[in-house]
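Let me begin by presenting the structure, written as structure tokens, before commenting on it.
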Amino acid sequence: MRQASRLVFQSWLAVGLLFPVALLNYLDRQIFSTMKASVMADLPSIGTDEKFGALMGVFLIVYGLFSPIGGYLADRFNRRWVVIGSLGVWSLVTWLTGHAQSYEQLWWARASMGVSEACYIPAALALIADFHTGPTRSRAVGFHQAGIYVGQALGGLGGFIADSVYGWRSAFHWFGLAGVLYAFVLMALLHAPEKPEKSESVLPRLSPWGTLKSLVCLVPFLLLVLYFTLPALPGWLMKNWLPSILADTFHLGQGKAGINATLWITLASMVGVILGGVLADRWMRVSDRGRIFTSALGMALMVPALLGVGCAPTLAVAIIFLIVFGLGWGLFDCNNMPILCQIVRPELRATGYGLMNLVSITGGGLFTAKIGALRDAGVSHVAIFLFCALAAIISVVLVLCIRPRAVHGAKAT
């Protein structure tokens, strides 16, 4: 009994320790977009929305391209050290971002940030899945993902920091230092599971080519990749361009636009990932597709939400639909790794999630940059939201086509 209690404690301790790392990773992403006006004023070489979009887009592209490498390192070596190393590099690059003096320097800083963060999410989610092997898996992932939304909410304050006497650069200095200090906390307290799943102990390690072949030959995995990719379009539209869209549409200052663009989605998403984790774990008691159904429900909620935000006549109406979007996104977000665990072998999880990021984030990065060009060309934001709603509809169909498969003779839970 004491041994079981200790294992439960370690499992949830790992989630708690990874929560702040997820927070810092997504704080960096969100705070940059909410400081857009101040960054562009301080660095005239940026010049246009298209070039600022390229700064956000290059992070996503590099992040996507390096995600399979980060995932493979986590599967092949030690997931704990991959997480800690990622945080160390993130801290350095965050500090350097605050010292950029030109568009080119900032471009390289954002690209380097993509490399550092590519190693974190695949390793962290795979580590959580190692600890939570069944009935608590969606809830554990949901609690971890809640850290992402806290980071996004804090990132919404970026406009206020940029407008303060401290300026936009100070935020990157402070958070870079915080990351360094927290890396020591992880080294002291974060450990790998004492007893890995049996499948991990008896199967040989695969080469990079063997790993890739094992994954791309699985039809359910390919469907999950597509399903994971399409929501990236509306997801990154909201994260990277919503502050600017709200500011232009409702004539808001960057501080007010930034907080409204992040706060409501973030709070609703935090509720969504917790609710989605509980619902999915309970649904799994009666159907092995419980997590798939929960995720599909979340994606279905995003369709009217996107249409509503795009056509909202007032800020108050837009906020209502932003809350619906956040709830739907939360149900979707907490179940991607658990669904992946029902499809692939344990020693392929981090690499599989990295490949999902490769396709999803690269597409999101290209779309983020394209939105800047569309806005410069005068394309209505309503048309952009309509396109994203169509992507969400297709996503619902895709996820319902996924069937869990036997993993080494037993269904992954």
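Per this entry, I361 is counted among residues that are among the aliphatic types (A, V, I, L, M) and surrounded by 24 or more Cβ atoms within 10 Å (Cβ to Cβ). Checking V8, V58, V39 one by one, the residue that is part of a helix (DSSP H, G or I), within 23 Å of the chain's Cα centre (by Cα) and of a type in the set (V, I, T) is V58 and no other. Cβ separations smaller than 6 Å between residues 6+ apart or across chains give the following pairs from segment 348-365 residues that are in contact (Cβ under 8 Å) with a residue 12 or more places away in the chain to residues that are outside any helix (DSSP H, G or I): G352/V344.
Being surrounded by fewer than 21 Cβ atoms within 10 Å (Cβ to Cβ) and in a helix (DSSP H, G or I) holds for only one residue in F367, F387, F332, and it is F387.
Do the conditions hold for G53, that is, is it in a helix (DSSP H, G or I), at negative phi, touching a residue at least 40 places away in the same chain (Cβ under 8 Å) and touching a Gly at 6+ places or on another chain (Cβ under 6 Å)? Here the answer is yes, as G53 does meet what is asked. Checking the stated criteria, G308 turns out not to satisfy the condition of being part of a helix (DSSP H, G or I), buried (at least 24 other Cβ atoms within 10 Å of the Cβ) and touching a helix residue (DSSP H, G or I) at 6+ places or on another chain (Cβ under 7 Å). Just a yes or no: is a residue in segment 312-323 farther than 21 Å from H251 by Cα, among the polar types (S, T, N, Q) and modelled with pLDDT under 95? No: zero hits. The sole residue among F77, F59, F66 that is among the hydrophobic types (A, V, I, L, M, F, W, C) and either without any contact (Cβ under 8 Å) to a residue 40 or more places away in the chain or in contact with a Ser or Thr (Cβ under 6 Å, 6 or more places away or on another chain) (or both) is F77.
Okay, residues lined up against (1) in a loop (DSSP other than H, G, I, E, B); (2) modelled with pLDDT under 90; (3) on the phi > 0 side of the Ramachandran plot:
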| position | (1), (2), (3) |
| --- | --- |
| L206 | yes, yes, no |
| T211 | no, yes, no |
| P220 | no, no, no |
| L224 | no, no, no |
| Y227 | no, no, no |
| W236 | no, yes, no |
| N240 | no, yes, no |
| P243 | no, yes, no |
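Among the residues of segment 118-151, the ones that are farther than 23 Å from W90 by Cα and among the aromatic types (F, W, Y) come to 1 in all. Taking segment 174-199 on its own, how many of its residues are assigned to a helix (DSSP H, G or I), crowded, with 17+ Cβ neighbours inside 10 Å and modelled with pLDDT under 85? Count: 0.
One residue stands out among those in segment 1-59 that are more than 21 Å from I259 (Cα to Cα) and among the acidic types (D, E): the one that is surrounded by the fewest Cβ atoms within 10 Å (Cβ to Cβ), which is D42. Here is a check on your reading of the model: is S287 assigned to a helix (DSSP H, G or I) and among the polar types (S, T, N, Q)? Spelling it out, it is not the case that S287 is assigned to a helix (DSSP H, G or I) and among the polar types (S, T, N, Q).
The values are calculated or read from the model by the stated rules, or taken from the named source; none is laboratory data. This one's a predicted model, so the numbers in the text were calculated from it and none came from an experiment. Heads up, the Cβs are rebuilt from the backbone with ideal geometry, glycines too, and the neighbour counts pull from every protein chain shown.
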